[in-house]
1. Name every residue in the stretch 22-63 that is among the β-branched types (Val, Ile, Thr) and either assigned to a loop (DSSP other than H, G, I, E, B) or closer than 12 Å to LEU11 by Cβ (or both), in order of residue number.
2. Among the numbered conditions (1) in contact with a helix residue (DSSP H, G or I) (Cβ under 7 Å, 6 or more places away or on another chain); (2) closer than 30 Å to GLU160 by Cα; (3) surrounded by 18 or more Cβ atoms within 10 Å (Cβ to Cβ); (4) modelled with pLDDT of 85 or more, tell me where ARG116 comes up short.
3. Could you say whether any residue in the stretch 239-249 is at pLDDT 90 or above and hydroxyl-bearing (Ser, Thr, Tyr)?
4. Restricting the search to the stretch 237-259, which residues are small (Gly, Ala, Ser) and part of a helix (DSSP H, G or I)?
5. Among the residues of the stretch 260-290, count how many are without any contact (Cβ under 8 Å) to a residue 40 or more places away in the chain and outside any strand (DSSP E or B).
6. Being more than 23 Å from ALA391 (Cβ to Cβ) and over 29 Å from the mean Cα position of the chain (by Cα), is that true of even one residue in the stretch 206-217?
7. Say whether the condition of being among the β-branched types (Val, Ile, Thr), assigned to a helix (DSSP H, G or I), within 30 Å of TRP137 (Cα to Cα) and modelled with pLDDT of 85 or more is met by at least one residue in the stretch 97-108.
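The values are calculated or read from the model by the stated rules, or taken from the named source; none is laboratory data. The structure presented is a predicted model; accordingly, all values stated were derived computationally and were not measured. Ideal geometry is used to build each Cβ from the backbone, glycine not excepted, and the neighbour counts take in all protein chains shown.
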Amino acid sequence: MSFTEVILRGLEPKTKRYMLADSHGLSIEVMPSGNKVWKMSYRYKGKQRKATLGHFPETKLKKAREMRDSAKLKLAKGVDPFRKASGKPVRTEAELLGPEPGATWREVCEEYLHKRKIEGAQAITVKKITHYLRKTWPAIGRKQVDTIIAADLLAVLREEEAKEHYESARRIRSYAGMVLRYAIGTQRAERNVAADLRDALITPKVKHRPGIVEAAQIGGLMRSIDGYGGHAQVRAALLIQAYCFLRPGETRKGEWDHVDFERRQWRIPASRMKGGRHDHIVPLSNQALKVLERLRPHTDDSRFIFAQLRSNERPLSENGMNVALLNIGIARDTHVPHGFRTTASTSLNEAGWNWDWIETQLAHVHRNAVRGAYNAAKYLKPRRVMMQAYADWLDALAAGEDLDASDLAPSGSV
C-alpha cells in the first residue's frame, strides 16, 4: 500500500507485531504496545539487511521517505548507508541524510539529478538541468563541494558571458544554487555561494536587436507569423526565413526549378549567393516542405517561389517581409527578416551543434574556398538532422512549450 499520514495514524496495535510495506523497501512495524517503527529493507554486497529509521509520528512519512531515498542514493554508489566508513552504525537522522563526506561537485550534481528523478521530475526537466550543470564540470567537477568558493563558479559564468550567452549564465547560477542547497541540507556544504553571485552577472541593457534570441519570444514570433492574415506568399516567405534562415534576398528570389521535392532540398545557384562562388544546398525540413507544397497553388505558375502580388514575373519586394513583421506587431528594432539568421545561429550554437555545420548552413563564406566547397558536400547529412531538429524546436516553442536552447541539443547519435 501507499501510506498517508491519515492511514498511519489509524493503524491499531494487535496482540502480535505486524508490518506494512510502503514502497522501495520502506515499511512500518506496529508493536503490540502501539509504537510504530519505520524500517527499511535493503541489500548490500549480496546480503539482505534491515535498518530502523525512526518512530512515527516523531518521524513523519515525508521524512521517512527522504531518508529511504538518501539511503538508496548511497547504495547506488556502493556505500552502506547505515554504516560509517569506520564500520560504526549510523545513529542519527543527520548522519543518514548526509552522504559520505569529501564528495566532489560532479558527484553531488549527479546525486541531485538522481534525487529529482526519484521525486518524479519530468525527463525533459532533468535533461535541461543536466545540460547546464555539465557546463560546470570541466572547471570545478573534481573539486570537493565544500571547498568551492564564489570565484570558482564565477569563472564558469564569465565564460558563458564572454560568448554573450547571458541567459545560459543565469540558468547555470540558478541550477548550481539548487545543488548547493542540496549539499547544505546533506551536511556537505555550509553556504550557497551561487546566491552570492546574483548581482555579479551581466544584465545586458535593452538594446536594439535585429533578431529575437530568447526562447519564449521566439515562440511568440512563430505564433504571430502563423496567425498572419495577409497574403499567402508573404506568410510563407516568413516561415521559410524562420525554418531555413537564409539571407532575405536568397529567399525572395528563390525559384521553383531550384527546389527538389524528391530529394528534400533547395539548391540556390551561386549567382544568387553572397560571394557568388558556390551553389548553396538547403536541406528542407518537414515543416519547410509543407510550407512550399501549400504555397505552390498560389503562385500562378510563376517561376518565383515568392512572386509579387501584382506581377508574378517579379520576386517579392525587398520590403514585403519587413512590412509584414510590422503588421504583426514586431518592431524593426526587435526583429527583421535577416534576424532569423541571428535567432538560428545563437540558438544552435548555444545548444552545442557543430560549428562547421551551422556556418555551412548560414553560407558564411570561408577564406579558404576549397574548405567552403568541402563543407557544403561533407556536412549535408548532419545538416539535415540539424535543420529538422531546429524546425521541431521552433514548432514546440510556437505551441507554448517551456523550452530553451538545452532542449535543442543534438542527440548522441548525430
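1. ILE28, VAL30, VAL37, THR59
2. The number of the failed condition is (3).
3. yes
4. Selection gives ALA237, ALA242, GLY249.
5. Residues in the stretch 260-290 being without any contact (Cβ under 8 Å) to a residue 40 or more places away in the chain and outside any strand (DSSP E or B): 10 in total.
6. no
7. Within the stretch 97-108, one or more residues are among the β-branched types (Val, Ile, Thr), assigned to a helix (DSSP H, G or I), within 30 Å of TRP137 (Cα to Cα) and modelled with pLDDT of 85 or more.
So that you can scan it fast, the table gives a plain yes or no per residue for (1) without any contact (Cβ under 8 Å) to a residue 24 or more places away in the chain; (2) of a type outside the set (Lys, Arg); (3) out of contact with any Asp or Glu (no Cβ under 8 Å at 6 or more places or on another chain):
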{"site": "ILE149", "(1), (2), (3)": "no, yes, yes"}
{"site": "LEU154", "(1), (2), (3)": "no, yes, yes"}
{"site": "ARG158", "(1), (2), (3)": "yes, no, yes"}
{"site": "ARG173", "(1), (2), (3)": "no, no, yes"}
{"site": "ARG181", "(1), (2), (3)": "yes, no, yes"}
{"site": "ASN192", "(1), (2), (3)": "yes, yes, yes"}
{"site": "GLY211", "(1), (2), (3)": "no, yes, yes"}
{"site": "GLU214", "(1), (2), (3)": "no, yes, no"}
{"site": "ILE218", "(1), (2), (3)": "no, yes, yes"}
